[in-house]
Amino acid sequence: MTEQQQVTLDAILRQGQLDLLADAQTLRAAFAEVMSRVPVADDVEQSPTTVGGVEIWGKTGSRPGWTSGVFATRDLSRTVVYSLNPTGLDGAETPVILRLAGAVFG
């Protein structure tokens, strides 16, 4: 985020007035920066992965009966959020997730 974008973001937040069209680039830069600084537990390694030659960052989570994830390129030019309800515990949904990632990032 540039210094000018930070000044603009600070002004937006102080005024409490947000113009999505005019402020989108500033907000996108701020979100991208914050997203890359999200703290993780000491025993967790945070690193990007590559899909179709595109570096992406993301997070997944699952419990019996559901699995979900959110992924984006660092510049947020491409994003995907998914939530699936698998019927088993055997990981059969993995090919679906990989096809989805390939369609978005490949």
- Message: Going by amide H atoms built from the backbone, whose H comes under 5 Å of the H on residue 51, apart from near neighbours?
- Response: 56
- Plugging the Cβ-Cβ distance of residue 50 and residue 89 into 1/(1 + (r/R0)^6) at R0 = 30 Å yields, to the nearest 0.05, a FRET efficiency of 0.60
- Item | Linear extension gain, residue 82 paired with residue 10, 0.36 nm per residue minus alpha-carbon span | 22.7 nm
- Please list, in chain and number order, the residues 5+ apart from residue 78 or on another chain whose amide H is under 5 Å from its amide H, with Hs placed from the backbone. 73
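No value in this document is a laboratory result; all are computed from the given coordinates. Predicted model, so just to flag it, every value in this text is computed and none were measured. Every residue, glycine as well, gets a Cβ built from its backbone with ideal geometry; the counts of neighbours run over all protein chains shown.
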